[in-house]
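Peer 1: Quick one: this structure, given as structure tokens, is what I'll be asking you about.
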Amino acid sequence: MDSINQGDIKGEVKSQDHQDGFDYPSSRSAWTAVAVLSLTYMFSLMDRQILFLLIEPIKQDLNITDTQVGLLTGVAFAVVYTVMGIPFGRLADLWVRKYVIIMGVSIWSVLTIVSGFSKTFTHLFFARMGVGLGEAGLTAPAYATIADLFPPKKLAFAMSIFVLGGSIGSALSMLLGGMAIGFVESLGSVSLPWLGELQPWRLVLIIVGLASLLVVIPLALMVEPKRHGKVARKETDREGGALSEDQPLSLVEVLLYLYRKRNFYGFFILAVVLNAVIAYGAAVWMPSYFIRLHDWDPASIGISLGLVTLFPVVLGGLAAGKMIDYFYQQGHKDAAIRLMLLVGPLLLLSLSMFVYIPLVSLKFVAVAVYYFFSSMYAAVFPTVIQIATPMPIRAQTSAMILFIVNLIGMGLGPASIAFVTDYIFHDELAVGRSIFYVGLVSFSLSILAFWRVIKPFNRQLANVVEDG
């Protein structure tokens, strides 16, 4: 292939790799693109989660109930986000991916700003739906873009940098949200020209939305890499219907392909879903554990958890990416699956430490350890999808897997822990034990599923043309 697509990139770039007929952008262009996507992901998570720690002032200002709060933080965002990821993923496989991402960023940023002006629960509910709609246009297209910026032997570390942006955004949402609560309690209302009187929680959402909107500028200047990879000819002959770069598959054809490969995709999705259940559940209920059992206030626990988790997620994500790239280059191409398998017991051990160690200071150490290994897992998950999925359907496949994982994880994770607390222990102070027991079941089953997926994963890699 002679050059990068000049319609999407200004100026020529030198290839960082030219193997098996595939050209990649220069190392500088590729890493710049990853940095821009990571920054975008960071703002995505901040816009998504900062609402969690602004709940009390929102309740007071809009006079809404806990049930309505649950709808705002769960259903309003999750349903639209998970469902709309699939059409956005398909659009990314057919169109310029960075344009899809720009469209998504513009939608969620504007709707975050609109959230700050919401006067009623209904207004805020639909604004949060809009945020979910916009954020659905980021993750799957970004996964597919990064997979075409680097050859497989360098992909894991690059993907870990992108995932790191989300982890940092999540930690910052707790940290800044905690600070905002203290700010709300001391400042009161603010009067601005043309905007009138605004409560501090509204100002926070407006500022975050405006900051996210600025990310459109570097996204527009970012390299759009040429698409690489396709299904090997032996697979085409055996199973019929080539995944051609020239003829995009219909959604039904994509689903049929995934069904034919169900021994890999089925068990892999099962393993990831099981981990997502405890990941989402623990994230929601850890603050309540400290508030209920140790009398912490929401502002303090938000700041503390943000500070405690920030550095472990950075170190864990980077370490995982480097490890997978190293072992991949040594010929251990299933290293990503094996790492996800090994991380499960360590996550379970850190959860048990968090719940059963009596000293609060050591509980925070356990939280740091948990997020260190959790970030390793999160960094590797998208790498597996990209290296095992043919190029023409990478974004769609990512979107479908994320649809299942997020819908079940967001839906069952917090609810399963609440169910154990209310109907098995009958004691809200048992929330820590509920986190552990849900984690015990989830991690144990996911370990078995990951063990089962190793051989199908290796067979799947053999059927995909690898460029590096």
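The values are calculated or read from the model by the stated rules, or taken from the named source; none is laboratory data. Because the structure is a prediction, the values reported are computed rather than measured. Positions of Cβ are generated from backbone atoms using ideal geometry, with glycine treated the same way; all protein chains shown enter the neighbour counts.
Peer 1: Restricting to region 273-310, and then to whatever is charged (D, E, K, R) and out of contact with any Leu (no Cβ under 8 Å at 6 or more places or on another chain), can you tell me which residue is farthest from Lys363 (Cα to Cα)?
Peer 2: Only one residue tops the list, namely Asp297.
Peer 1: How many of the residues in region 79-102 are surrounded by fewer than 19 Cβ atoms within 10 Å (Cβ to Cβ) and over 18 Å from the mean Cα position of the chain (by Cα)?
Peer 2: 4
Peer 1: Being in a helix (DSSP H, G or I) and either charged (D, E, K, R) or surrounded by fewer than 21 Cβ atoms within 10 Å (Cβ to Cβ) (or both) is the filter here, so list the residues in region 450-464 that pass it. Don't jump to the end; show me each part of the working.
Peer 2: Kept after step one, since they are in a helix (DSSP H, G or I), are these residues of region 450-464: 450-462.
Correct list: Trp451, Arg452, Ile454, Lys455, Pro456, Asn458, Arg459, Leu461, Ala462.
Peer 1: Please find, within region 414-462, the residue that is farthest from the chain's Cα centre (by Cα) out of those that are closer than 22 Å to Gln330 by Cβ and at pLDDT below 85.
Peer 2: Ala462
Peer 1: If the requirement is being free of Cβ contacts under 8 Å to residues at least 24 places away in the same chain and under 21 Å from Tyr377 (Cα atoms), which of these qualifies: Ala320, Ala335, Ala279?
Peer 2: Details: Ala320 fails: free of Cβ contacts under 8 Å to residues at least 24 places away in the same chain; Ala279 fails: free of Cβ contacts under 8 Å to residues at least 24 places away in the same chain.
Step by step, each of Ala320, Ala335, Ala279 is checked, and only Ala335 is free of Cβ contacts under 8 Å to residues at least 24 places away in the same chain and under 21 Å from Tyr377 (Cα atoms).
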